[in-house]
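Colleague: The structure that follows is given in the form of structure tokens.
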Amino acid sequence: MLIVQKYGGTSVGNPERIKNVANRVCRTKEAGHDVVVVVSAMSGETDKLINLAAQVNDNPDPREMDMLVSTGERVTIALLAMAIQALGHQAQSFTGRQAGIISDCVHTKARIEKITGERVREAIKEGKIAVVAGFQGINEKSDVTTLGRGGSDLTAVAIAAALKADYCDIYTDVDGVYTTDPNIVPQARKLDKISYDEMLEMASLGAKVLQTRSVEFAKKYNVPVRVLSSFNDNPGTLVTKEDADMEKVVVSGVAYDKNQVKVTVTGVPDKPGVAAKIFNTISGANVIVDMIIQNIGEGGLTDMSFTVPRTDSKKIMEVMKKVVAEIGAKGVNLKEDIAKVSIIGVGMRSHSGVAARMFSALAKEGINIMMISTSEIKISCVIDAKYTELAVRVLHETFEMDKAA
Ligand code: ADP
Ligand code: ASP
Ligand code: MG
């Protein structure tokens, strides 16, 4: 078999852990498989680099940011290749460029366009273990790009798709995908399997165990992804196509996201074309908008609120101040202490009253709901950030997620 293994930051957090990863990789190789390993930077390294940038410039150039943060993964690929060699196996490290990971030009959140992968294929053919830097690619101008936070997951899935690997194994610091973050709710239960669609919602709604785009990619190319622990040999979670059993469970997970902020534009002229103008400008600035609500107009004016990633707070306020002047709105304000809690499950398609149960559970705890959004398989509520943990626990209990179906 050809197996792609990805090890996250905690799993390569120090030299001992890198040696542990080398051992695991060699075990897989010795079992007769071809192995491509994708690694993240050592835990905390990417944050440290981002912090360094902030100390020299309040608004660093995204191209230079990518040049900077891509260095974290260069350190770990070289160290892991050395550690594997120390165990008597052949290994070779590859940067994103050497692995042929071609992306678009959107620095700090680039999309993978194609993977040529020649050097990696060659290395495998020669019996070597290929160690590829996660999180990075190269654009048409040969500039280094990065794939968004948590982007090593995407590197792994995309390489697995390009090489038609049998499995893409994501090794992390928990032994699978749980009903909710096991570090927040001790009663969280590990799932044996989860559908691509549920995992996609869980990830995009804040469960950082897999990066959202990596799940999108896995679904598109049908890559079998397993989430496993790098610290033990427990069976993990398989992310796969939906099957009939999955619909029986009403809610399979709860996620939370504290990484968004709420922007409110007040006194917006209530006429056709205004919303289009606002959101076209925002998309032109490459900011992704999540939830949107518009209040009922009064006297020809209305208020509009939407959420965007916290990392775009500064940029969005700059953009919005200009738009507000152009459309003749009254003003714009930012609310930062919010969180989004969501329940997810393909079973919602065939069960009624799920939203009512969610809202009642939050109300019973005195938690006010500021925004609501739904899709076929999820319901999300924006609440005050200070109630996040409480809300997650209460929802986990209400929908009895600690009990197997
Ligand atoms: P890595 O550095 O290996 O990429 P991450 O920190 O990105 O690891 O992701 C693993 C973390 O995801 C876990 O430590 C856990 O706190 C968090 N997490 C959030 N939601 C879930 C969930 N539903 N199941 C498992 N882990 C989750
Ligand atoms: N090192 C990058 C980050 O911290 C990518 C990753 O870990 O997947 O976001
Ligand atoms: Mg991660």
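One line per residue, one yes/no per condition, for (1) closer than 20 Å to Ala160 by Cα; (2) without any contact (Cβ under 8 Å) to a residue 12 or more places away in the chain:
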site	(1), (2)
Ile18	no, no
Val25	yes, no
Val35	yes, no
Gly44	no, no
Ile50	no, no
Pro60	no, yes
Met82	no, yes
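Colleague: Which of (1) in a loop (DSSP other than H, G, I, E, B); (2) within 16 Å of ligand 2 (Cβ to nearest atom); (3) buried (at least 23 other Cβ atoms within 10 Å of the Cβ) is the odd one out, the single condition Thr180 does not satisfy?
Modeller: Result: Thr180 passes all but (2).
Colleague: Please determine whether any residue of the stretch 128-138 is within 8 Å of ligand 1 (Cβ to nearest atom) and either at negative phi or of a type in the set (A, V, I, L, M) (or both).
Modeller: For the stretch 128-138, residues within 8 Å of ligand 1 (Cβ to nearest atom) and either at negative phi or of a type in the set (A, V, I, L, M) (or both): absent.
Colleague: Filter the stretch 98-120 for residues that are buried (at least 18 other Cβ atoms within 10 Å of the Cβ) and within 19 Å of Thr46 (Cα to Cα) and give the result.
Modeller: Result: His107, Thr108, Lys109, Ala110.
Colleague: Can you go through Ala83, Ala53, Ala41 and tell me which one is aliphatic (A, V, I, L, M), at pLDDT 95 or above and part of a loop (DSSP other than H, G, I, E, B)?
Modeller: Result of the check over Ala83, Ala53, Ala41: Ala41.
Colleague: Which of the following residues is touching a strand residue (DSSP E or B) at 6+ places or on another chain (Cβ under 7 Å) and in a loop (DSSP other than H, G, I, E, B): Ile316, Ile288?
Modeller: One residue alone meets the criteria, Ile288.
Colleague: Residues Val177, Val209: which one is within 14 Å of ligand 3 (Cβ to nearest atom), touching a residue at least 60 places away in the same chain (Cβ under 8 Å) and among the aliphatic types (A, V, I, L, M)? Write out each step before concluding.
Modeller: Details: Val209 fails: touching a residue at least 60 places away in the same chain (Cβ under 8 Å).
Just one listed residue meets the conditions, Val177.
Colleague: In the stretch 29-51, which residues are away from ligand 3 (no atom under 16 Å from the Cβ), open to solvent by 20 Å² or more (accessible area, probe 1.4 Å) and within 23 Å of Cys168 (Cβ to Cβ)?
Modeller: Passing the criteria: Lys29, Glu30, Ala31, Gly32, His33, Asp34.
Colleague: Let me ask something additional. What number of residues in the stretch 205-239 are among the polar types (S, T, N, Q), farther than 19 Å from Thr311 by Cβ and within 16 Å of ligand 1 (Cβ to nearest atom)?
Modeller: Step one: filter the stretch 205-239 for residues among the polar types (S, T, N, Q), giving 211-212, 214, 222, 229-230, 232, 234, 237.
Those left that are additionally farther than 19 Å from Thr311 by Cβ: 222, 229-230, 232, 234, 237.
From the residues that got through so far, the ones that are within 16 Å of ligand 1 (Cβ to nearest atom) too are 229-230, 232, 234, 237.
So the answer is 5.
Colleague: Here's a follow-up. Here's a check for you: in the stretch 225-253, which residue that is assigned to a strand (DSSP E or B) and in contact (Cβ under 8 Å) with a residue 60 or more places away in the chain is nearest to Val38 (Cα to Cα)? Steps first, answer last, please.
Modeller: Pass one, the stretch 225-253, residues assigned to a strand (DSSP E or B): 225-229, 237-240, 253.
Filter once more, keeping what is in contact (Cβ under 8 Å) with a residue 60 or more places away in the chain: 225, 237, 239, 253.
Values: Val225: 14, Thr237: 19, Val239: 18, Gly253: 28 Å.
Taking the candidates together, the pick is Val225.
Colleague: Identify, from the list Gly297, Gly347, Gly366, Gly353, the residue that is open to solvent by less than 50 Å² (accessible area, probe 1.4 Å), out of contact with any Cys (no Cβ under 7 Å at 6 or more places or on another chain) and free of Cβ contacts under 8 Å to residues at least 24 places away in the same chain.
Modeller: Unique residue meeting the criteria: Gly353.
Colleague: Which of the numbered conditions does Lys330 fail, given that it passes all the others? Conditions: (1) closer than 22 Å to Leu191 by Cα; (2) out of contact with any helix residue (DSSP H, G or I) (no Cβ under 7 Å at 6 or more places or on another chain); (3) open to solvent by 30 Å² or more (accessible area, probe 1.4 Å).
Modeller: Against the list (1) closer than 22 Å to Leu191 by Cα; (2) out of contact with any helix residue (DSSP H, G or I) (no Cβ under 7 Å at 6 or more places or on another chain); (3) open to solvent by 30 Å² or more (accessible area, probe 1.4 Å), Lys330 comes up short only on (1).
Colleague: Among the candidates Ala123, Ala160, Ala188, Ala203, which residue alone is at pLDDT 95 or above, in a loop (DSSP other than H, G, I, E, B), of a type outside the set (Ser, Thr, Tyr) and open to solvent by less than 40 Å² (accessible area, probe 1.4 Å)?
Modeller: Testing whether each residue is at pLDDT 95 or above, in a loop (DSSP other than H, G, I, E, B), of a type outside the set (Ser, Thr, Tyr) and open to solvent by less than 40 Å² (accessible area, probe 1.4 Å) leaves just Ala188.
Colleague: Taking the stretch 163-177, which residues are in a loop (DSSP other than H, G, I, E, B) and within 16 Å of ligand 1 (Cβ to nearest atom)?
Modeller: Of everything in the stretch 163-177, those that are in a loop (DSSP other than H, G, I, E, B) and within 16 Å of ligand 1 (Cβ to nearest atom) turn out to be Asp173, Val174, Asp175, Gly176, Val177.
Colleague: Then there's this: With the requirement that a residue be over 21 Å from Val174 (Cβ atoms) and open to solvent by 70 Å² or more (accessible area, probe 1.4 Å), what does the stretch 243-282 give you?
Modeller: The answer is Ala244, Asp245, Lys248, Asp270, Lys271, Pro272, Lys277, Asn280.
Colleague: Six or more apart or on different chains, Cβ atoms under 6 Å: show the pairs whose first residue is in the stretch 104-126 and of a type in the set (Lys, Arg) and whose second is assigned to a loop (DSSP other than H, G, I, E, B) and open to solvent by less than 100 Å² (accessible area, probe 1.4 Å).
Modeller: Taking only residues 6 or more apart or on different chains, the pairs are Lys109/Gly148; Arg111/Asp104.
Colleague: Name every residue in the stretch 92-117 that is outside any loop (DSSP other than H, G, I, E, B), of a type outside the set (Ser, Thr, Tyr) and under 24 Å from Leu79 (Cβ atoms), in order of residue number.
Modeller: Gln92, Phe94, Gly96, Arg97, Gln98, Ala99, Ile101, Ile115
Colleague: Also, quick follow-up: I need the full set of residues from the stretch 1-23 which are more than 16 Å from ligand 3 (Cβ to nearest atom), touching an Asp or Glu at 6+ places or on another chain (Cβ under 9 Å) and open to solvent by 20 Å² or more (accessible area, probe 1.4 Å), in order please.
Modeller: Met1, Leu2
Colleague: Which of the residues that make up the stretch 206-224 are crowded, with 19+ Cβ neighbours inside 10 Å and either away from ligand 2 (no atom under 16 Å from the Cβ) or not in a loop (DSSP other than H, G, I, E, B) (or both)?
Modeller: Thr212, Arg213, Ser214, Val215, Phe217, Ala218, Lys219, Val223
The values are calculated or read from the model by the stated rules, or taken from the named source; none is laboratory data. Computed from a predicted structure; not experimentally measured. Heads up, the Cβs are rebuilt from the backbone with ideal geometry, glycines too, and the neighbour counts pull from every protein chain shown. Keep in mind that these areas ignore ligands, DNA and RNA; they rest on the heavy atoms of the full protein, side chains included. Shrake-Rupley method; radii C 1.70, N 1.55, O 1.52, S 1.80 Å.
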